[in-house]
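Student: Next up is a structure, given as structure tokens.
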Amino acid sequence: MQATRRDLRTLEARTTRRRAATIRIVVVLAAASGLNYVVWRWLASVNWESWWIAVPLVLAETYSLIDSLLFGLGAWRIRERGEPPAPPGTGFTVDVFVTTFNEPVELVMRTARAALDISYPHTTWILDDGDRAEVRAAAATMGISVITRSSDWIDRPRHAKAGNLNNALLATEGEFVLVLDADQVPDPKILDRTLGYFKDPLIALVQTPQWFENVPTSDPLGSQAPLFYGPIQQSKDGWNSAFFCGSNAILRREALMQLGLSRYVTEVEQSVHRAIRTSRRLIARAREEAKGDRRVTLALRQASLIVEDARAELARGDGISDVTYRFQRGIDAISTQYADSDLAIMRDNLRELAAMSTDADAFAGIDDAALELLARRDTSPVAAIEAISLLAAALDVDRGGEAQAIMPMATISVTEDMATSMRLHGLGWRSVYHGEILASGLAPEDLETMLGQRLRWAQGTMQVFFRENPLLQRRLTIGQRLMYFGTMWSYFSGFPALVYVTAPVLCLSFGVIPVTAYSVDFFARFIPFLVLNQVLFWVVAAGRPTWRGAQYSLALFPVWIESVTSAFRNVFLGHPLGFRVTSKTKVENGRPRWDLVKPQLFIMGALVIALVVVGIRIAVGQAEGIAPYVNIIWTIYDLAVFSIIIRAVLYRGPAVTTKETP
Amino acid sequence: MTSIDVREADGGVVLAPAGRLTVVTAPQLRGAVAERITAGDKIIVVDLSGTDFVDSSGLGALVSCLKSARQAGGDLRIVAPTEQVSMVLRMTNLDRILQPRASIDDALRG
């Protein structure tokens, strides 16, 4: 792909100097005021007498400061790219993947039809993980091919959408891949507006916004993410860490395949080295358990000899394929030997039976070939020796437990997208965030679906946090590590949120004061921090609505907490996540689901009661000083934030527009 | 890729893909190897001396052929990669797993 001088200029495009300078000034001021406030809080104003609430509060405030610093750090290099480079001439091959699992057929076909209409030459595919006949039939009438899982996936982990994409990547050959969720209807210009970025040979990913057409301006469920699909991704873009969000993104196949290969090598090496490392202990334990069984002990001794050979060969630098091949043949030899003595006895018995039988033919069918089957590894009694079969499975290069040796999309998380782009960045590839809406999707229309979706995103992010912590990825730059970490950090907000609603209730109702000095000292530090943070938000957001996002980041605290705890249990204790696919259809039985937001309703009740109690306490002269008034304002703010929950429960979906086809 | 030359040898089968082994031609190689595995060949030798360009999908095909060969109780070995191919093997670290052999005889011997 040739880049013209004009293209090169566009590829370099950044935020205007004036805007960047304004943002940087505010970032510095906000950071300074934040540090000034929080350091003072730690050193001079924690009320240690009520440490049980004072310490959580100052910790929560520290959390918020770090959140704000990470936001500011990103904004420091915000990159608003504007017009994209011109699309390449024809001759580049693009596959458009419409991914589906269980969405209604009409919904899938609506997207597929729009995908066909994309103007840049391409091939459209439907990746139907539900393998539905109706999808196949509907696709056939439009001349679209459907890709379903190959037979390799039978009885192997399916890895949800990541598996669906990995399967399709091996079945197609376009140089670029556009990924679309089943509900994301693309604009015909989507490829013309994005492919030009790939003139930079190091670009692996171009992400565009996800925007939803079925959401009213008031957006009661907080579906649109104007701050995320705007300044936040643009900030990350400035640090070369704009990340993949699963849909409306174009990826370079070469980069994905390279990633798949590098992961394959890493994982095989890890598996082999781990097996070698633990083999001595494993075999020793198996020997103990054999309790002197002569044959098992013998087999284990032989196994330990070939493991030691493998260890020496690896140390010598032999190729892992060769080392493991010799090892596997060694295991086969043990299997055969082990089975042989069994077979000899069986043959003798058969011969005797045949001699005694009147119908000699009855045993003729059991010939040597059939008996040989018993000597095969999987049927041999050696397979029953757990230590040996464990080693045999680990010391191999075929990733026998997986459907494909090459898995370009990361499978460590229920949201494959973020992990995949983090790994691409680790390999030195670059990404672009192109902030132009080029597809319109359908957001959940009811509270339950919305909560399920948010939980899944948060869980996926936390799985990556626990499995591949960005701060520890040596191949990422410091900036990239912090940008990925920033996204994960924001999902911990459930814990501080709990403190932010509990502290004022305790203060108003029981007079428990976590801060020693609600005085000039306090206000002189707190107010600049608060104001400058708001100014930072306001400058960066540049007119985009931010209140809804702010409300939900506090009001969905039970979801955020559950995401952290369930991902922790999943990663470290192997518990299932309780994962469900987001349903794109409406649940229409009508009744408001108050049961889904019990913790929030409880909190709101407590906040209201606290206001009543403090009113009484003030009236009888029991509440003194400024503390109650600070906390009254704080409580009213909390109630304003949580009020969105009521609106969300009562939300009946968007008014039916005439746009919908009859 | 213009062709894959397939010839029987003592102890296995030798496949020599000529030209470019890329996303476009990788399915051809996968097909040829699958055919030989079904035919009962155990040792598959891929002679890369005539392969002048390989991309990540091409290498991916080699890995998936290795997987199929291993699962059928056999093995896949690569021989005499050209300069570009050696470079890509090194860059992806795949050479740590699939170490190229110097000659076909060498590869057939085990």
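The values are calculated or read from the model by the stated rules, or taken from the named source; none is laboratory data. Just so it is clear, the model here is predicted, and its values are computed rather than measured. Neighbour counts are summed over all protein chains in view; Cβ atoms, including those assigned to glycine, are modelled from backbone coordinates with ideal geometry.
Student: Hey, could you check region A:445-480 for residues that are within 19 Å of the chain's Cα centre (by Cα) and outside any helix (DSSP H, G or I) and say which is farthest from A:VAL559 (Cα to Cα)? Steps first, please.
Tutor: Taking region A:445-480 as the starting set, the residues that turn out to be within 19 Å of the chain's Cα centre (by Cα) are A:449-473, A:476, A:480.
From what is left, the residues that are outside any helix (DSSP H, G or I) are A:468-469, A:473, A:476.
Working: A:GLU468: 22, A:ASN469: 21, A:GLN473: 28, A:LEU476: 30 Å.
Filtering first and then ranking leaves A:LEU476.
Student: Also, quick follow-up: Could you list all residues from region B:83-110 that are in a loop (DSSP other than H, G, I, E, B) and more than 11 Å from chain A (Cβ to nearest Cβ)?
Tutor: Going residue by residue through region B:83-110, those that are in a loop (DSSP other than H, G, I, E, B) are B:92-93, B:97-100, B:102-103, B:110.
Correct list: B:ALA102, B:SER103.
Student: Of everything in region B:9-49 that's more than 13 Å from chain A (Cβ to nearest Cβ) and in a loop (DSSP other than H, G, I, E, B), which residue is farthest from B:ALA69 (Cα to Cα)?
Tutor: Only one residue fits best here, namely B:SER49.
Student: What pairs come up if the first residue lies in region A:240-266 and is at the interface with chain B (Cβ under 7 Å from one of its Cβ atoms) and without any contact (Cβ under 8 Å) to a residue 60 or more places away in the chain, the second is in a loop (DSSP other than H, G, I, E, B) and among the hydrophobic types (A, V, I, L, M, F, W, C), and their beta carbons are under 8 Å apart, counting only those six or more places apart or on different chains?
Tutor: A:VAL265/B:ILE97
Student: If you don't mind, there's one more thing I want to ask. I'd like the residue in region A:619-641 that is modelled with pLDDT of 90 or more, surrounded by 12 or more Cβ atoms within 10 Å (Cβ to Cβ) and of a type in the set (A, V, I, L, M) and, out of all such residues, is nearest to A:TYR552 (Cα to Cα).
Tutor: Top of the filtered list is A:VAL641.
Student: Is it true that some residue in region A:82-92 is over 27 Å from A:ALA242 (Cα atoms) and in a helix (DSSP H, G or I)?
Tutor: no
Student: On to the next question. Please go through (1) assigned to a helix (DSSP H, G or I); (2) crowded, with 20+ Cβ neighbours inside 10 Å for A:VAL179 and return the number of the only condition it doesn't satisfy.
Tutor: It fails just one condition, (1).
Here is a yes/no grid of residues against (1) farther than 18 Å from A:ASP521 by Cβ; (2) out of contact with any helix residue (DSSP H, G or I) (no Cβ under 9 Å at 6 or more places or on another chain):
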site: A:GLU12; (1), (2): yes, yes
site: A:ALA21; (1), (2): yes, yes
site: A:VAL38; (1), (2): no, no
site: A:VAL46; (1), (2): no, no
site: A:LEU59; (1), (2): yes, no
site: A:TYR63; (1), (2): yes, no
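Student: I'm told A:ALA375 meets every condition in (1) surrounded by 18 or more Cβ atoms within 10 Å (Cβ to Cβ); (2) within 14 Å of chain B (Cβ to nearest Cβ); (3) at pLDDT 70 or above except one. Can you identify the failing condition by its number?
Tutor: Unmet condition: (3).
Student: Would you check if there is a residue in region A:118-129 being touching a Pro at 6+ places or on another chain (Cβ under 6 Å), in a loop (DSSP other than H, G, I, E, B) and buried (at least 21 other Cβ atoms within 10 Å of the Cβ)? Walk me through how you get there before you give the answer.
Tutor: Restricting attention to region A:118-129, the residues satisfying the condition of being touching a Pro at 6+ places or on another chain (Cβ under 6 Å) are A:118-119.
Those still in the list that are in a loop (DSSP other than H, G, I, E, B) too: A:118-119.
Filter once more, keeping what is buried (at least 21 other Cβ atoms within 10 Å of the Cβ): A:118.
Yes: one or more hits.
Student: So which pairs qualify, if the first residue must be in region A:616-634 and touching a residue at least 12 places away in the same chain (Cβ under 8 Å), the second must be in a helix (DSSP H, G or I) and among the polar types (S, T, N, Q), the Cβ gap must be under 7 Å, and the two must be at least 6 apart or on different chains?
Tutor: That search, which allows pairs on different chains as well, returns nothing.
Student: When you scan region A:221-231, do you find a residue that is within 14 Å of chain B (Cβ to nearest Cβ), in contact with a Phe, Trp or Tyr (Cβ under 7 Å, 6 or more places away or on another chain) and surrounded by fewer than 23 Cβ atoms within 10 Å (Cβ to Cβ), even just one?
Tutor: First pass over region A:221-231, keeping only residues within 14 Å of chain B (Cβ to nearest Cβ): none.
For region A:221-231, residues within 14 Å of chain B (Cβ to nearest Cβ), in contact with a Phe, Trp or Tyr (Cβ under 7 Å, 6 or more places away or on another chain) and surrounded by fewer than 23 Cβ atoms within 10 Å (Cβ to Cβ): absent.
Student: Among the helices (runs of 4 or more DSSP H) confined wholly to region A:265-364, which include 2 or more residues that are closer than 30 Å to B:SER64 by Cα?
Tutor: Working: elements: A:294-316, A:320-356, A:361-364.
The helices (runs of 4 or more DSSP H) meeting that bar are A:294-316, A:320-356.
Student: Which one of A:PHE523, A:PHE492 is assigned to a helix (DSSP H, G or I) and either closer than 30 Å to A:ALA619 by Cα or at pLDDT 95 or above (or both)? First the steps, then the outcome.
Tutor: Values: A:PHE492 fails: assigned to a helix (DSSP H, G or I).
The unique qualifying residue is A:PHE523.
Student: Name the residues in region A:65-81 that are closer than 13 Å to A:VAL39 by Cα and either touching a strand residue (DSSP E or B) at 6+ places or on another chain (Cβ under 8 Å) or surrounded by fewer than 18 Cβ atoms within 10 Å (Cβ to Cβ) (or both), would you? Break it down into steps so the answer makes sense when it comes.
Tutor: Kept after step one, since they are closer than 13 Å to A:VAL39 by Cα, are these residues of region A:65-81: A:65-66.
The answer is A:ILE66, and nothing else.
Student: A further question follows. Quick one: is A:ARG329 at pLDDT 75 or above and within 14 Å of another protein chain (Cβ to nearest Cβ)?
Tutor: Details: at pLDDT 75 or above: yes; within 14 Å of another protein chain (Cβ to nearest Cβ): yes.
Yes.
Student: State yes or no: is B:GLY74 under 23 Å from A:GLY330 (Cβ atoms) and modelled with pLDDT under 90?
Tutor: Working: under 23 Å from A:GLY330 (Cβ atoms): yes; modelled with pLDDT under 90: no.
No: the conditions fail for B:GLY74.
Student: Please enumerate the residues belonging to region B:56-74 that are more than 7 Å from every other protein chain (Cβ to nearest Cβ) and either assigned to a helix (DSSP H, G or I) or buried (at least 21 other Cβ atoms within 10 Å of the Cβ) (or both). Spell out the reasoning first.
Tutor: Within region B:56-74, the first condition is being more than 7 Å from every other protein chain (Cβ to nearest Cβ), and the residues that meet it are B:58, B:61-62, B:65, B:68-69, B:72-74.
Hits for region B:56-74 are B:GLY58, B:ALA61, B:LEU62, B:CYS65, B:SER68, B:ALA69.
Student: Would you mind telling me which numbered condition in (1) of a type outside the set (A, V, I, L, M, F, W, C); (2) closer than 30 Å to A:GLY174 by Cβ; (3) modelled with pLDDT of 95 or more A:GLY89 fails?
Tutor: (3)
Student: Within region A:119-174, how many residues turn out to be small (Gly, Ala, Ser), in contact with a helix residue (DSSP H, G or I) (Cβ under 6 Å, 6 or more places away or on another chain) and without any contact (Cβ under 8 Å) to a residue 40 or more places away in the chain?
Tutor: So the count comes out to 1.
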